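Remarks on the structure that follows.
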């Protein structure tokens with residue numbers, strides 16, 4: 001039974017490579033003297049996980065198209081310190097006078113779209129690998145010249161900023177730092193992540209909890225739209241979405257001094273079908289977004305629900321609930337709404353909203369190039 005399971009896994013991985021690589025992997029292996037045989041793969045069960053990421057398969061699919069073009073080191077960041085965004089001479093007391101250079105601590109909350117799942121991998125099963133170091137919200141690998149992320153931009157104006165993730169790291173391992181996002185998280189997990197973040201921040205020696213200015217990015221809702229709302233309209237409805245976010249934001253408001261929260265609107269998950277999709281992509285989509293596969297007219301329903309989620313987010317923030325303190329506020333960063341499907345459309349007339357190079361092979365997560373696009 002164990003050998004049969006390994007065989008199924010191996011065939012699935014190889015089929016993924018065959019569909020996704022421009023050239024047959026079988027042909028490439030034949031010409032590669034260093035490649036290993038399928039037999040050697042199957043009969044070393046304790047080594048399977050490592051071999052899945054080894055060059056005998058991985059290098060055959062590796063391509064640079066899902067990485068941002070490298071920007072020469074001598075290129076200066078477009079925004080200059082003289083534009084009023086450098087660090088203030090005196091640490092501000094009001095969040096409304098905060099500059100990018102004043103940010104001392106970076107943190108993030110959310111799901112796999114914040115954890116960087118699959119961002120640096122070039123095969124379908126790579127979607128389970130968390131490349132947090134290139135996450136648009138909390139990744140700090142290299143510099144913005146190679147990986148354009150929010151922390152790498154902040155580094156330009158405050159090289160001593162802390163809290164960002166680096167490398168490939170799973171939830172709560174040291175390299176994740178203050179990126180407490182967890183794959184498959186839903187709205188109901190926002191409060192627990194807020195509590196975890198405050199706890200971790202208090203335990204981080206580099207953080208002056210009372211005095212440092214903190215920038216927290218929050219991005220939830222995609223999993224609720226993809227795999228929740230079609231099963232329970234009330235629990236996963238737009239109002240419930242806002243209420244769950246409110247509990248997390250209230251906790252941060254009461255327990256995290258000197259904080260600016262970036263609330264990023266929920267992604268219109270229909271983007272995952274408004275692209276050219278491979279066979280493997282279609283297979284995996286049922287796993288990551290099951291609500292697309294339940295009945296008719298689901299596109300219209302999910303698109304409508306997305307806009308209602310986003311409206312409830314705006315209602316929450318515009319209520320002024322988080323403008324009662326000088327050292328805390330929440331702002332909505334609207335860039336994710338650019339991916340919204342048009343209000344009136346026919347299934348056949350929908351245009352591809354994004355190039356395939358900006359997403360991973362499962363057609364759901366962002367590639368490194370896609371993470372850079374978020375900036």
Failed criterion for residue 292 (all others in (1) part of a helix (DSSP H, G or I); (2) at pLDDT 90 or above hold): (2)
Every residue from the stretch 192-230 that is without any contact (Cβ under 8 Å) to a residue 40 or more places away in the chain and either in a loop (DSSP other than H, G, I, E, B) or within 24 Å of residue 91 (Cβ to Cβ) (or both): 200, 202, 203, 205
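Test residue 246 against the criterion of being surrounded by fewer than 21 Cβ atoms within 10 Å (Cβ to Cβ) and free of Cβ contacts under 8 Å to residues at least 60 places away in the same chain, and give yes or no. Spell out the reasoning first.
Numbers: surrounded by fewer than 21 Cβ atoms within 10 Å (Cβ to Cβ): yes; free of Cβ contacts under 8 Å to residues at least 60 places away in the same chain: no.
Answer is no for this residue.
For the stretch 158-174, give me the residue count where each residue is part of a loop (DSSP other than H, G, I, E, B) and surrounded by 15 or more Cβ atoms within 10 Å (Cβ to Cβ).
Of the stretch 158-174, the ones part of a loop (DSSP other than H, G, I, E, B) are 158-161, 163-164, 166-173.
Next cut, surrounded by 15 or more Cβ atoms within 10 Å (Cβ to Cβ) only: 158, 161, 163-164, 166-169, 171.
So the answer is 9.
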Residue in the stretch 84-95 that is without any contact (Cβ under 8 Å) to a residue 60 or more places away in the chain and in contact with a helix residue (DSSP H, G or I) (Cβ under 9 Å, 6 or more places away or on another chain) present: yes
The lone exception for residue 99 - which of (1) farther than 21 Å from residue 221 by Cα; (2) buried (at least 24 other Cβ atoms within 10 Å of the Cβ) it fails: (2)
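Could you please let me know if residue 191 is surrounded by fewer than 20 Cβ atoms within 10 Å (Cβ to Cβ), closer than 26 Å to residue 374 by Cα and either in contact with a strand residue (DSSP E or B) (Cβ under 8 Å, 6 or more places away or on another chain) or modelled with pLDDT of 95 or more (or both)?
For residue 191, the condition - surrounded by fewer than 20 Cβ atoms within 10 Å (Cβ to Cβ), closer than 26 Å to residue 374 by Cα and either in contact with a strand residue (DSSP E or B) (Cβ under 8 Å, 6 or more places away or on another chain) or modelled with pLDDT of 95 or more (or both) - is met.
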Any hit, the stretch 340-351, residues being modelled with pLDDT of 85 or more, surrounded by fewer than 18 Cβ atoms within 10 Å (Cβ to Cβ) and not in a strand (DSSP E or B): no
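Taking the options 326, 312, name whichever one is more than 20 Å from residue 366 (Cβ to Cβ) and either touching a helix residue (DSSP H, G or I) at 6+ places or on another chain (Cβ under 6 Å) or free of Cβ contacts under 8 Å to residues at least 40 places away in the same chain (or both).
Details: 326 fails: either touching a helix residue (DSSP H, G or I) at 6+ places or on another chain (Cβ under 6 Å) or free of Cβ contacts under 8 Å to residues at least 40 places away in the same chain (or both).
Matching residue, one of 326, 312: 312.
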Set 327, 355: member being under 25 Å from residue 138 (Cβ atoms) and at pLDDT below 90: 355
Residue within the stretch 141-157 that is assigned to a strand (DSSP E or B), closer than 22 Å to residue 200 by Cα, under 14 Å from the mean Cα position of the chain (by Cα) and in contact (Cβ under 8 Å) with a residue 40 or more places away in the chain present: no
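The values are calculated or read from the model by the stated rules, or taken from the named source; none is laboratory data. Keep in mind that what you see is a predicted model, and the values were worked out from it rather than measured. Don't worry about glycine lacking a Cβ; one is built from the backbone with ideal geometry, like all the others, and counts go over all protein chains shown.
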